[in-house]
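This report refers to the structure that appears directly beneath it.
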Amino acid sequence: KQEVTQIPAALSVPEGENLVLNCSFTDSAIYNLQWFRQDPGKGLTSLLLIQSSQREQTSGRLNASLDKSSGRSTLYIAASQPGDSATYLCAVKGGTNAGKSTFGDGTTLTVKP
Amino acid sequence: NAGVTQTPKFQVLKTGQSMTLQCAQDMNHEYMSWYRQDPGMGLRLIHYSVGAGITDQGEVPNGYNVSRSTTEDFPLRLLSAAPSQTSVYFCASSQTGGQTQYFGPGTRLLVL
């Protein structure tokens, strides 16, 4: 059974700092990995999708990397802003069943002005 | 495009009542899923569908039924609500299994 862990559970940083969020998974036979953002009381917004054959994806100040062999992904946020404050979740799709996603519990990020 | 829509936004039920949570998408996506989100337990997959007429169980399917008669709609039925089903329910869709999942705004369910 796939298990996804996100560390740390919470992170507080001053504005302007670069930061890294971590996601690890136990079964390396994945289809893809997706990073989401969730604001309080809202749904999930997709940030980046990395296919199993890819090493990284970039969108603006965000960069996500994937190392399947070690079961790890990182989300790098450059020059953080207060508007980046949210919970960040990673989700892994299993290699044998592209219909099933397993989510981590998320990292709650607070960026202080 | 409206994307993924869910109704109702909030619902209160009494134990033993039944109800249907509605989910619709207008992106012609083949894959649709239902998740529940509980504090400290993250999002857990309830049921999913890879196309009209095809559904399968996720991690926590007990107490829930689904059907997929059209590509657009994927309703979730609670057969006999229990307090343990108090949660926030999210519906999601994607074009295929390998593409981006899009989420609806969620339904908050309180079972008394």
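Rounded if a/c is under 1.5, else prolate if a/b beats b/c, else oblate: with a ≥ b ≥ c from the C-alpha gyration tensor eigenvalues square-rooted, which is the protein assembly as shown?
prolate
Provide the per-residue ³J(HN,Hα) series for the range B:81-97, in order, calculated from phi with Karplus coefficients 6.51, -1.76, 1.60 and θ = phi - 60°, each as a whole number of Hz, with x at glycine and proline positions.
4, 10, x, 5, 8, 4, 5, 9, 10, 10, 10, 9, 9, 8, 4, 9, x
With each pseudo-label sitting 7 Å past Cα toward Cβ, what's the A:K1-B:S18 distance in nm, one decimal?
Using points 7 Å along Cα→Cβ, the separation is 2.9 nm.
Given 0.36 nm per residue, what is the gain on full extension from B:Q95 to B:R44 after removing their alpha carbon distance, in nm?
Result: 16.3 nm gained on full extension.
Given Cβ point charges of +1 (Lys, Arg) and -1 (Asp, Glu) and nothing else, what value in debye, to the nearest 20, does the dipole of chain A about its Cα centre take?
Dipole of chain A, to the nearest 20 debye: 260 debye.
So which GluC sites (Glu not before Pro) in the range A:13-113 end up in coil per DSSP with only 15 or fewer other C-beta atoms within 10 Å?
A:E15, A:E17
Quote the charge dipole size of the protein assembly as shown about the Cα centre in Debye, to the nearest 20; the model charges only the Cβ of Lys and Arg (+1) and of Asp and Glu (-1).
So the dipole magnitude of the protein assembly as shown works out to roughly 300 debye.
Starting from the Cα of B:S80, move 7 Å in the Cα-to-Cβ direction to define the label point; list residues of the range B:35-65 whose amide nitrogen is under 12 Å from there.
The answer is B:63, whose backbone nitrogens lie closer than 12 Å to the label point.
Express in nm, to one decimal, how much length is gained between A:S70 and A:Q54 on full extension, taking 0.36 nm for each residue of separation and deducting their alpha carbon distance.
Result for the pair: 4.3 nm of gain on full extension.
Calculate, for A:L19 and B:R108, the FRET efficiency according to 1/(1 + (r/R0)^6) with r their C-beta to C-beta distance and R0 25 Å; round to the nearest 0.05.
0.25
Using a Förster distance of 35 angstrom, determine the FRET efficiency expected from the C-beta separation of B:F10 and B:S67, and round it to 0.05.
0.90
Counting only other residues whose beta carbon sits under 9 Å from that of B:G51, what net charge do I get with K and R as +1, D and E as -1?
Summing Lys and Arg as +1 and Asp and Glu as -1 gives 0.
Computed from the coordinates by the stated procedures, all read-outs in this text should not be read as laboratory data. Predicted model, so just to flag it, every value in this text is computed and none were measured. We place every Cβ from the backbone using ideal geometry, glycine too, and count neighbours over all the protein chains shown.
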